[in-house]
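Below: the structure, in structure tokens.
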Amino acid sequence: MHRLQTDLLNLVRVKLNGGDSMGYVLSDVLHVSQDAAYRRLRGETALTIFEVQKICKAFDISFDALIEQKAGNVVFGYTPLNAFDFSLESYLEGILESFQRLKSLDDPRIILTINNVHFFQLINVPQLLRFRLFFWAKTHLQVPEYQNILFKHEKVTERAFELGKNIVSTYNSIPSVEIFDPELMRGFLRQILYYYKSNMFEDPSYALFLCDRAIMFSQHLKAQADCGKKFVYGTQAPEQGNQFEMYLNETINSDAAFYYESKEKRGLYVTHNIMNYLQTTDPQYVSDTKQVLDKQLANSSLISVVNEKERNNYFFEFEKTINMFRKKIEADIEFNS
């Protein structure tokens, strides 16, 4: 029973995803005092079968699946696709909420592997972010309300702008170690070219505008790598905090992982179903992932602050790729005009 109790409470932690305290939640669900709840959390008091039933019902946990767990099985939390609202504001609200929970932990830090697009840095350039979300909804997931509209130039709403600013500010304030590879934004640029060739821009020249914004993105990312500090586009790097360690993996990052740790907990987010993510605090899985990340870091080169030559070459090649895509679109526009 002790193992089942531990597994069940770990499932609840995944469901809460760092939100309300376990003691408060368990007290509320079981109608016991917080002291009694914490005795159950520490394993000093066994859960009754009726209490197990209440917890499973409150958190939509399958008891059958619980008793079948064994080594090698991991419990992940995720947001079902039918629960998504594809507005920019709604998507950003979910990200901000997760970052605020992470920020509330004691001394948090993160390790990221960047697979094609660095979503949090992309928020510095709202036009690129808006295109990214539109492409996901219309082309990848084929959301019905997006099928008969073209992508057009629009300013992001004041609400979306404020949410983005808060996300970047919170992300910037948490020390991060980030692993990049030579494929940064290649897929994103192919998406711009694909939309241009498929006549999915209301104004075809907007594809050139997005390429120009990609150059701006590159320049801002390089400025952060130069000083080893994260900061919002258009502002100055702070003297203290906002630590940014940028590593270059010269092969390829096979996935996008978001590992976090603090004095009290560790956890992991991994991308799933294009724009969704899986989350877990399973101790063994998180520990195994951390070992892989450590090995990946050992095989990568630190290019923030140090290794100026390697850093300059990385961004030179990145911007050369952006300009290559831009020239293809520009030549086609001139040919058709």
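Since every read-out is calculated from the coordinates, none of them should be taken as a lab result. In this text the structure is predicted, and so the values were computed from the model without any measurement. All Cβ positions, even for glycine, are placed from backbone atoms using ideal geometry, and neighbour counts span all protein chains on display.
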### Summary
For the chain, whose charge dipole is built from +1 on Lys and Arg Cβ atoms and -1 on Asp and Glu Cβ atoms, the candidate among MET216, TRP136, ASN73 with its Cα farthest towards the positive end is ASN73
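Can you tell me how much longer the chain between SER301 and VAL32 gets when fully stretched, taken as 0.36 nm per residue apart minus their C-alpha distance, in nm with one decimal?
On the way: separation 269, 0.36 × 269 = 96.84 nm, distance 5.30 nm.
Once the chain is fully extended between SER301 and VAL32, it gains 91.5 nm.
Relative to the present Cα-Cα distance, how much length would full extension add between SER169 and ALA58 at 0.36 nm per residue of separation? If you can, show how the numbers build up before the last one.
Numbers: separation 111, 0.36 × 111 = 39.96 nm, distance 3.43 nm.
Gain on stretching SER169 to ALA58: 36.5 nm.
For ARG101 and LYS15, compute 0.36 nm times the residue count separating them, minus their Cα-Cα distance, and round to one decimal in nm.
So the extension gain works out to 29.6 nm.
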### Task
With a ≥ b ≥ c taken as the square roots of the eigenvalues of the C-alpha gyration tensor of segment 192-283, please select rounded if a/c is under 1.5 and otherwise prolate if a/b is larger than b/c or oblate if it is not?
oblate
### Task
Round to the nearest 0.05 the FRET efficiency obtained for GLU145 and ASN276 when R0 = 22 Å and r is the Cβ-Cβ distance.
0.70
### Query
Roughly how big is segment 2-67's charge dipole about its Cα centre, with Cβ charges of +1 (Lys, Arg) and -1 (Asp, Glu), in debye to the nearest 20?
100
## Note on the structure
Expressed in angstrom and rounded, the centroid-to-centroid distance over alpha carbons for segment 153-176 and segment 201-252 is 14
### Query
Counting each DSSP H run of 4 or more residues in the chain as -39500 (n - 2.57), what helix-only mean residue ellipticity at 222 nm follows after dividing by all residues, to the nearest 500 deg cm²/dmol?
-16000 deg cm²/dmol
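What does the charge count near LYS152 come to, summing +1 for each Lys or Arg and -1 for each Asp or Glu among other residues with Cβ under 10 Å from its Cβ? Please list the in-between numbers first.
On the way: positive: none; negative: GLU154, GLU202, ASP203.
Around LYS152, the charge tally is -3.
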### Query
Summing Lys, Arg as +1 and Asp, Glu as -1, what charge do residues with Cβ under 13 Å from the Cβ of PHE134 carry, PHE134 excluded?
+1
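Dipole size in debye (nearest 20) for the chain around its Cα centre, Lys and Arg Cβ +1, Asp and Glu Cβ -1? Provide the component values of the computation, followed by the final result.
On the way: 37 positive and 42 negative charges, 24 e Å.
So the dipole magnitude of the chain works out to roughly 120 debye.
Tally Lys and Arg at +1 and Asp and Glu at -1 over the other residues with C-beta under 12 Å from the C-beta of LEU105: what net charge comes out?
Values: positive: ARG101, LYS103, ARG109, LYS263, LYS265, ARG266; negative: ASP106, ASP107, GLU261, GLU264.
Result for the neighbourhood of LEU105: +2.
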### Query
Between ILE252, LEU30, ASN124, whose Cα lies farthest towards the positive end of the dipole of the chain when Lys and Arg beta carbons carry +1 and Asp and Glu beta carbons carry -1, centred on the Cα centre?
ILE252
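Order by neighbour count: THR271, THR235, THR280, fewest other Cβ atoms within 10 Å first, most last. Show your work: numbers first, answer last.
Details: THR271 17, THR235 8, THR280 21.
Result, fewest neighbours first: THR235, THR271, THR280.
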### Query
How big is D for the chain, in µm² s⁻¹ as a whole number, if Stokes-Einstein is applied with the Kirkwood radius of its Cα pairs at 37 °C and 0.692 mPa s?
148
## Note on the structure
Out of HIS272, TYR314, GLN291 - ranked by how far each Cα lies towards the positive end of the dipole of segment 264-337, with unit charges on the beta-carbon of charged residues - the top one is GLN291
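Restricting to segment 81-336, what percent of DSSP beta bridges are antiparallel, rounded to 5? Could the numbers behind the result be given before it?
Numbers: 17 of 27 bridges.
In segment 81-336, DSSP labels about 65 percent of beta bridges as antiparallel.
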### Message
Given a Förster distance of 22 Å, report the FRET efficiency between GLU317 and ILE252 from their Cβ-Cβ distance, rounded to the nearest 0.05.
### Response
0.90
### Inter-label distance, nm, simple model (7 Å from Cα along the C-beta direction), LYS328/LYS152
2.7
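Is the shape of segment 2-67 rounded, prolate or oblate, going by the alpha carbon gyration tensor and its root eigenvalues a ≥ b ≥ c, with a/c under 1.5 for rounded and a/b larger than b/c for prolate?
Numbers: a/c = 1.45, a/b = 1.16, b/c = 1.25.
It is rounded, given that a/c, with a ≥ b ≥ c, falls under 1.5.
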